[in-house]
Amino acid sequence: MAAAATSVVAEPVVADSARVVAPPVPPEEKPLDPRQIARASLAAGRNASLWWVSAGVVTATGIALLAGMSWGALFLAVMLVAGAVARAVASGDHPAALAVRSRPVDVAVLLGFAFVVGVLSQIVPAG
């Protein structure tokens, strides 16, 4: 006799005989609300980390134009290290401009970029 295949199906939770309560839907499976996305993008301008990152990039560009490309790239490397430190020590309301993945991954990527940009700023000839 062949054994019947069994499947595991999440059964709804029964609160009482008159009402059935469905299991909660995980956040990643909920439909996207365009209004909520628009509100979040407007609130992003009030986050200080976005302004600090923008100021760092503008300052690095200004230094590169005024003092040379290697100085601008070196300043950008220093800003990446500062971003890694900020991401590593910030708790609770994390810097939104620096939080992409988990904290260790973000810190490792920022420090890796800082190292590469810093080394390249010193070995690539200015031209």
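The values are calculated or read from the model by the stated rules, or taken from the named source; none is laboratory data. This one's a predicted model, so the numbers in the text were calculated from it and none came from an experiment. We place every Cβ from the backbone using ideal geometry, glycine too, and count neighbours over all the protein chains shown. For the accessible areas, the whole protein counts, side chains as well, though only heavy atoms, and no ligand, DNA or RNA atoms are used. Shrake-Rupley method; radii C 1.70, N 1.55, O 1.52, S 1.80 Å.
Quick check on my filter: what residues within the range 103-127 are hydrophobic (A, V, I, L, M, F, W, C), at pLDDT below 90 and surrounded by 11 or more Cβ atoms within 10 Å (Cβ to Cβ)?
V124
Please state which one of V100, V58, V53 is loosely packed, with under 12 Cβ neighbours inside 10 Å, part of a helix (DSSP H, G or I) and aliphatic (A, V, I, L, M). Give the steps one after another, and end with the answer.
Working: V100 fails: part of a helix (DSSP H, G or I); V53 fails: loosely packed, with under 12 Cβ neighbours inside 10 Å.
Sole residue among the options that is loosely packed, with under 12 Cβ neighbours inside 10 Å, part of a helix (DSSP H, G or I) and aliphatic (A, V, I, L, M): V58.
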Does S91 fit the bill of being among the polar types (S, T, N, Q) and surrounded by 15 or more Cβ atoms within 10 Å (Cβ to Cβ)?
no
Do any residues in the range 70-94 that are over 26 Å from R46 (Cβ atoms) have Cβ atoms under 7 Å from those of residues that are outside any helix (DSSP H, G or I), where the two are at least six apart or on different chains, and which pairs are they?
S70/A126
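Within the bounds of the range 67-86, is there any residue that is modelled with pLDDT under 80 and either more than 24 Å from S121 (Cβ to Cβ) or open to solvent by 50 Å² or more (accessible area, probe 1.4 Å) (or both)? Show your work before the answer.
So in the range 67-86, the residues modelled with pLDDT under 80 come out as none.
No: the range 67-86 contains no residue that is modelled with pLDDT under 80 and either more than 24 Å from S121 (Cβ to Cβ) or open to solvent by 50 Å² or more (accessible area, probe 1.4 Å) (or both).
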